[in-house]
Amino acid sequence: MPTKILIVDDEPDLNVLITQRFRKRVREGELVFIFAESGLDALRKLQTESDVEVVLTDINMPEMDGLTLLAELKEKHPLIKAVIVSAYGDMANIRTALNRGAFDFITKPVDFDDLEITLDKTLRAAKEAQQAARDRERLVALHRELDVARRIQNAIVPHTFLPERKEFALHAAMIPAREVGGDFYDFFLIDADHLGFVIGDVSDKGVPAALFMAVSKTLLKAVALTGVAPEQCLERVNNMLCLDNPSAMFVTVFYGVLNARTGEVAYCNAGHNSPFILRRDGKIETAAGTNGMVLGAFANMKQASKQIHLQRGETLFLYTDGITEAMNVSETAFTEERLQTFLQGDSGAALPEMVSGVVAAVNAFAQDAAQADDLTVLALRYVG
């Protein structure tokens, strides 16, 4: 597609000379010149010739001079690059033109070698500016899409923590490292006496992880609501994830089922961080592992389950490795030990304060270091 250049000058001789000078590039379809006699005429031409990239304009013209045209171009056609033509000694006007946004200038009498060099340089700058504008538009559109994705992902995880149930209390938080992330949590009543709860962490970050997270969470809840045991649930979900996983992502999952009448928790841990158990006497235990394999990596992997008995007032604290592996500016990790120490001093707090306190402690530890991974916590207290 030829590049369009608008020549604005009330002297027809210049138009003839430019046509002669650039006739080969015009004939080869590289350049197209459009001519206007004044600033007003130039603005009219630009209404119909919307893809003009460079304007070469004289300063002194009838109806509208070049300096006024520059102001109009800056407001109405900011991507067009302008080159001013003026007398050699007219430095005051040239300075004014540059201050009003002219990209460059040439002097009369016109040196056509210099003119061609100047136009080519200006055309390159114009194309770079147009590409930058297109990149900005794409970036803005991407940010809009990511914002929509963030709101959708935020809506996927529950934010109402079953306040009508008096046998247990729940609270959770999820803070993606990017607009969207690969962590998730969920909880749901399987029947009147059994609460399913889960926390997971996809191996990747960003949009791919968010999509895999949505699929994993949806499959897990669908299988869990059938009432199967935790190990059977994760085995089935794993096989379904392995059926179509070209990106080779996987997800770590801790899935448990609380018996709201007894405080018994049956659980299965598929490669996830072991939760902490906050006992009534102030001690903190680590839930025993079940040696489970991550989901989505290998089909037909067997899982195993174990049990925890929660007494009244005792809490199960689940988290993703974004908590314990959060780094400060010295590249020191927050660690499980720091998390355990924090929970030791906060074990009796209300769950919303406990969850927000952990997140605040991690952020305070990281200080100015960028968040490198998603942060997710889920706290479940048996009330009895």
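Among the residues of region 166-180, is any touching a Pro at 6+ places or on another chain (Cβ under 6 Å) and more than 30 Å from Leu79 (Cβ to Cβ)?
Yes; the residues of region 166-180 include at least one that is touching a Pro at 6+ places or on another chain (Cβ under 6 Å) and more than 30 Å from Leu79 (Cβ to Cβ).
Farther than 20 Å from Thr376 by Cα, open to solvent by less than 70 Å² (accessible area, probe 1.4 Å), part of a helix (DSSP H, G or I) and in contact (Cβ under 8 Å) with a residue 12 or more places away in the chain, is that true of Ala133?
For Ala133, the condition - farther than 20 Å from Thr376 by Cα, open to solvent by less than 70 Å² (accessible area, probe 1.4 Å), part of a helix (DSSP H, G or I) and in contact (Cβ under 8 Å) with a residue 12 or more places away in the chain - is met.
Kindly indicate whether any position in region 138-155 is under 16 Å from Phe188 (Cα atoms), of a type outside the set (D, E, K, R), open to solvent by 40 Å² or more (accessible area, probe 1.4 Å) and in contact (Cβ under 8 Å) with a residue 24 or more places away in the chain.
no
Can you give me the number of residues within region 1-33 that are among the charged types (D, E, K, R), in contact with a strand residue (DSSP E or B) (Cβ under 8 Å, 6 or more places away or on another chain), under 18 Å from Val83 (Cα atoms) and modelled with pLDDT of 90 or more?
2
Going through Glu116, Glu128 one at a time, which residue ends up being of a type in the set (D, E, K, R), at pLDDT 90 or above and closer than 30 Å to Gly206 by Cβ?
Glu128 is the lone residue from the list that is of a type in the set (D, E, K, R), at pLDDT 90 or above and closer than 30 Å to Gly206 by Cβ.
Limited to region 358-375, what total is found for residues that are of a type outside the set (A, V, I, L, M, F, W, C) and within 20 Å of Thr341 (Cβ to Cβ)?
The number of residues fulfilling the criteria is 2.
For a quick check of your reading: which strands (runs of 3 or more DSSP E) sit entirely within region 232-289 and have at least 3 residues that are surrounded by 23 or more Cβ atoms within 10 Å (Cβ to Cβ)?
By residue number, 251-259, 264-270.
Would you tally the residues in region 111-149 being acidic (Asp, Glu) and closer than 30 Å to Val180 by Cα?
Of the residues in that region, 4 qualify.
Out of region 125-161, which residues are farther than 16 Å from Leu211 by Cα and among the charged types (D, E, K, R)?
Answer for region 125-161, where residues must be farther than 16 Å from Leu211 by Cα and among the charged types (D, E, K, R): Lys127, Glu128, Arg134, Asp135, Arg136, Glu137, Arg138, Arg144.
Looking at region 199-231, which of its residues are out of contact with any Phe, Trp or Tyr (no Cβ under 8 Å at 6 or more places or on another chain), over 10 Å from Asp183 (Cα atoms), open to solvent by 60 Å² or more (accessible area, probe 1.4 Å) and touching a residue at least 24 places away in the same chain (Cβ under 8 Å)?
Val207, Pro208, Val215
Can you work out which of the residues in region 156-176 that are buried (at least 18 other Cβ atoms within 10 Å of the Cβ) and within 21 Å of His143 (Cβ to Cβ) is nearest to the chain's Cα centre (by Cα)?
Residue satisfying both the conditions and the ranking: Pro176.
Can you find a residue in region 101-120 that is farther than 19 Å from Leu31 by Cβ, open to solvent by 70 Å² or more (accessible area, probe 1.4 Å) and assigned to a helix (DSSP H, G or I)?
No, the conditions are met nowhere in region 101-120.
Looking at Phe212, Phe254 in this structure, which one is at pLDDT 95 or above, aromatic (Phe, Trp, Tyr) and within 29 Å of the chain's Cα centre (by Cα)?
Just one listed residue meets the conditions, Phe254.
Of the residues that make up region 35-50, is at least one of a type outside the set (A, V, I, L, M, F, W, C) and in contact with a helix residue (DSSP H, G or I) (Cβ under 7 Å, 6 or more places away or on another chain)?
Yes, region 35-50 contains a residue that is of a type outside the set (A, V, I, L, M, F, W, C) and in contact with a helix residue (DSSP H, G or I) (Cβ under 7 Å, 6 or more places away or on another chain).
The values are calculated or read from the model by the stated rules, or taken from the named source; none is laboratory data. Quick caveat, the model's predicted, so the values are computed rather than measured. Here Cβ is always computed from backbone atoms with ideal geometry, including for glycine, and neighbour counts include all displayed protein chains. Just the protein is used for accessible areas: all its heavy atoms, side chains included, with ligands, DNA and RNA removed. Shrake-Rupley method; radii C 1.70, N 1.55, O 1.52, S 1.80 Å.
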